[in-house]
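Have a look at the structure below before the remarks.
The values are calculated or read from the model by the stated rules, or taken from the named source; none is laboratory data. All values derive from a computational prediction rather than experimental measurement. Heads up, the Cβs are rebuilt from the backbone with ideal geometry, glycines too, and the neighbour counts pull from every protein chain shown.
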Amino acid sequence: MSTATSTYVPLQYIPLVVEALRQMQESGKAAAVTGKSGDRGVDGQGLLPVAEFPFVKLRVAWQCKRYKDTNVSSKQIRDFRGAIDRRAQYGIFFTTSTFTLNARSEAGRPGATSIELIDLKGLIDLMGNKEIGLIKVLGQEEKRAMDQDFFYEYLHPTGQPSTGQPELI
């Protein structure tokens, strides 16, 4: 799956993030897109379970930035934190690019709402760890391949054809 991150930038990035979040939780209902004009920098919010205690759920808000050549700055992290103040206990900032060192420092600033930073490679790794968007390779129990059908609408929203061949990871 890692070659998918170097070859493609999902055109439908927010829906891909929402689907990944939905599949990572038990109910599948808590992840909701809220992003629209005037959203103050919050693309979605929901309740996500704490891994060790799945009956405990945190109010989470997230922001998605689909960049190719721009890194997320500390100002964008501060702006996001301001947007989620009193709306969420935790923030997640997704990007198709990467984060500056100052953005990383800002996200972990002591005394402020915690913000997790996830770049495209991190999202793909997280999805792979949870086997989201993967299929088992017949006859090879330990092998997984990228599920072309799962990713099709995110990578080819204009109807561009896929190769139909799974990508081994």
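Which number in (1) within 26 Å of L155 (Cα to Cα); (2) in contact (Cβ under 8 Å) with a residue 40 or more places away in the chain marks the one condition that I92 misses?
All conditions pass for I92, except number (2).
What strands (runs of 3 or more DSSP E) lie completely within the stretch 104-169 and have 2 or more residues being at pLDDT 80 or above? Break it down stepwise before answering.
Details: elements: 115-118, 134-137, 140-146.
Answer list for the stretch 104-169: 115-118.
Can R78 be described as under 22 Å from E19 (Cα atoms) and touching a residue at least 24 places away in the same chain (Cβ under 8 Å)?
Spelling it out, it is not the case that R78 is under 22 Å from E19 (Cα atoms) and touching a residue at least 24 places away in the same chain (Cβ under 8 Å).
If you take the residues of the stretch 1-39 that are basic (K, R) and surrounded by fewer than 13 Cβ atoms within 10 Å (Cβ to Cβ), which of them is modelled with the highest pLDDT?
Kept after step one, since they are basic (K, R), are these residues of the stretch 1-39: 22, 29, 36.
Adding the requirement that they be surrounded by fewer than 13 Cβ atoms within 10 Å (Cβ to Cβ) leaves 29, 36.
Values: K29: 49, K36: 59.
Here the answer is K36.
Which one is farthest from I77 (Cα to Cα), of the residues in the stretch 104-119 that are under 17 Å from the mean Cα position of the chain (by Cα) and of a type outside the set (V, I, T)?
D119
Based on this model, can you work out whether F80 counts as in a strand (DSSP E or B) and surrounded by 15 or more Cβ atoms within 10 Å (Cβ to Cβ)?
Spelling it out, it is not the case that F80 is in a strand (DSSP E or B) and surrounded by 15 or more Cβ atoms within 10 Å (Cβ to Cβ).
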